[in-house]
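The values are calculated or read from the model by the stated rules, or taken from the named source; none is laboratory data. This one's a predicted model, so the numbers in the text were calculated from it and none came from an experiment. Here the Cβ positions follow ideal geometry from the backbone for every residue, glycine too, while neighbour counts run over all protein chains shown. Heads up: the accessible areas ignore ligands, DNA and RNA and are worked out on the full protein's heavy atoms, side chains in. Shrake-Rupley method; radii C 1.70, N 1.55, O 1.52, S 1.80 Å.
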Amino acid sequence: MSLALYLHYPFCTNKCGYCDYYKESFHRESEREFFSALYVETELAVADKNLTDSVISSIFIGGGTPSLANAEYLAEWLSIVKRNFEVPDDIEFSVECNPESATLDRLQFFKELGVNRPLFGIQSFQTDLLKLLDRSHNPNDSQKAIYLANALGFRNFGVDLLYGLPGQTAKMLSRDLDQFIELEPPHISFYQLTVEENTHLAKQVESGEIRMPDQELSGALYQGGVEKMAEHGYERYEVCSFAQSGFECQHNQVYWKGGEYLGLGPSAHSYLGNNRFANIPNMQQYADSLRHGELPRIFDDSDDDARMTEAIMLGLRMADGVDRAYFKKRFGIEIADRLNRSEYNLLVESGHLIPDKGRLRLSDAGLSLADEITRRLIK
């Protein structure tokens, strides 16, 4: 079987005010404990699901700040993976990097490890916006990280750009886009800043200290970004994902298309054999479970209705849309049976929804309204 492999590295030296991913403050002793537990989890996961000799289709190390990871520990983990799985030399191997920790030595180590797709969380080149986001890097760090990636010969790399920030104007975003495009990254992830519960940003918004832009302005910023990136050869292949031809993220498409994946590390999610589960989002409980030889998993008991809704939602966010035949094979019913027929007809008539060669997809205009359209469309 083929599966994508994800590792959640849970440590950061700085906690960004908008981030709700599971993370812990970085300490070398805690990191050592994490990797000791991870080695055990990797071996147990193979035995538990009988995944020996499975072929890894992609590797993605996220976090947290994986660019902080101890090189020896990370190399040892990868050797365990290769002992238990078939790992082709040419697979996509992504690692998230904060610009300030993307040093020459670190990027060189990643390349020697087999990483061929570093991802840089730049977010903005505006110093004031970086400060608002509680980011610890500055624009010079970002420029240097991309320079080093090019100097080391990484043909594929990605950058993150945020829009819809408090105080961000169309002119500010346009300046950011100009600088991003000038760097010629093969991939740009273009995300709207969202207010997640229990984050510092949520408290600032609730207290009135910060005011988020309204949806009309955010929509205009997004559309402006879409148009500028299209002008410079970036194809929107998913609502928030833009790539030069041939540089679409293979790993993320496994999630969006309903493929199988194994997640390792605290809070990581997996989908294997039609079973969906997540690891405990707590470092201490994660390590304690593995010390006792138990996998720290929480199983998702959602039914097929929920999974069909998810498949339609994720599928319609992709430019290619939903494959009707695969949907029927996976769930045993036609996708049309899960859709509101009157809304379907209206959206087809308006040109937002396109039945096309065995697929159901959104037009360019529809992609900009993907979430709203999905809410209307699903029964």
### Query
Given Cα pairs under 8 Å that are at least 6 residues apart, what percent is the relative contact order of the chain?
16 percent
### Message
For a quick check: with amide H placed at 1.01 Å from N, whose amide H comes under 5 Å from Ser57's, ignoring anything fewer than 5 positions away on the same chain?
### Response
Leu3, Ala4, Leu5
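Tally Lys and Arg at +1 and Asp and Glu at -1 over the other residues with C-beta under 9 Å from the C-beta of Cys19: what net charge comes out?
Details: positive: Lys15, Lys23; negative: Asp20, Asp134, Glu196.
In short, -1.
Which pairs in the list Lys15/Lys131; Lys23/Lys111; Lys131/Lys228 are over 23 Å apart, alpha-carbon to alpha-carbon? Spell out each step's value before the answer.
Numbers: Lys15/Lys131 12 Å; Lys23/Lys111 25 Å; Lys131/Lys228 26 Å.
Beyond 23 Å: Lys23/Lys111; Lys131/Lys228.
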### Message
At 0.36 nm per residue, and after removing the present C-alpha to C-alpha distance, how many nm does the segment from Glu227 to Val55 gain when stretched out fully?
### Response
58.1 nm
### Task
Would you list, by chain and number, the aspartates and glutamates whose Cα falls below 13 Å from the Cα of Lys49, excluding same-chain residues fewer than 8 positions away?
Glu41, Glu260
### Task
Report, by chain and number, residues whose modeled amide H sits under 5 Å from the one on Leu264, excluding near sequence neighbours (fewer than 5 apart, same chain).
Tyr6, Leu7, His8
### Task
Name the residues whose placed amide hydrogens come within less than 5 Å of the amide hydrogen of Asn282, ignoring near sequence neighbours (fewer than 5 apart) on the same chain.
Ser267
### Karplus (6.51, -1.76, 1.60) ³J(HN,Hα), θ = phi - 60°, over the stretch 256-262, in Hz, Gly and Pro reported as x
5, 9, x, x, 8, 8, 10
### Cα gyration tensor shape for the stretch 144-297, rounded if a/c is under 1.5, else prolate or oblate
oblate
#### Entry: the chain - percent of accessible surface contributed by carbon and sulfur, probe 1.4 Å
47 percent
### Query
In Å², what does the accessible area per residue of the stretch 243-379 work out to with a 1.4 Å probe?
49 Å²
### Summary
In whole Hz, the Karplus estimates of ³J(HN,Hα) for the stretch 228-241 (6.51, -1.76, 1.60; θ = phi - 60°; x where Gly or Pro) are 5, 5, 4, 4, 10, x, 9, 8, 7, 9, 8, 3, 10, 10
### Query
So how much slack lies between Ile354 and His27, counting 0.36 nm per residue of separation and subtracting their Cα-Cα distance, in nm?
112.6 nm
### Summary
Per GNM of the chain with C-alpha springs under 10 angstrom, the most fluctuating residue out of Leu44, Leu119, Leu264 is Leu44
### Message
So, R0 is 45 Å and r is the distance between the beta-carbons of Lys171 and Leu44; what FRET efficiency does that work out to, to 0.05?
### Response
0.25
### Task
Find the centroid of the Cα atoms in the stretch 169-213 and in the stretch 104-164, then give the distance between the two in whole Å.
16 Å
### Query
GNM on the chain, C-alpha springs below 10 Å: top fluctuator among His200, His27, His187?
His27
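Estimate the FRET efficiency between Glu209 and Glu86 by the formula 1/(1 + (r/R0)^6), using the beta-carbon distance for r and 45 Å for R0, to the nearest 0.05.
Details: r = 52 Å, r/R0 = 1.15.
Efficiency computed from Cβ-Cβ geometry: 0.30.
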### Task
For the stretch 270-292 and the stretch 17-64, compute the distance between their C-alpha centroids and round to whole Å.
10 Å
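Suppose a student asked you for the relative contact order of the stretch 284-379, using Cα pairs under 8 Å spaced at least 6 residues apart; what percent would you report?
Working: 93 pairs, mean separation 28.1, N = 96.
After rounding, I find 29 percent.
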#### Entry: Separation in nanometres of the label points that stand 7 Å from Cα toward Cβ, at Glu343 and Ala220
2.8 nm
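Quote to one decimal, in nm, the extra length available between Gln285 and Ala151 on full extension: 0.36 nm per residue of separation minus the C-alpha distance between them.
Values: separation 134, 0.36 × 134 = 48.24 nm, distance 4.16 nm.
Difference between extended and current length: 44.1 nm.
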### Summary
Here the stretch 19-35 yields Karplus 3J(HN,Hα) values (6.51, -1.76, 1.60; θ = phi - 60°; whole Hz; Gly and Pro given as x) of 8, 10, 5, 5, 8, 10, 5, 6, 9, 4, 5, 5, 5, 4, 5, 4, 5
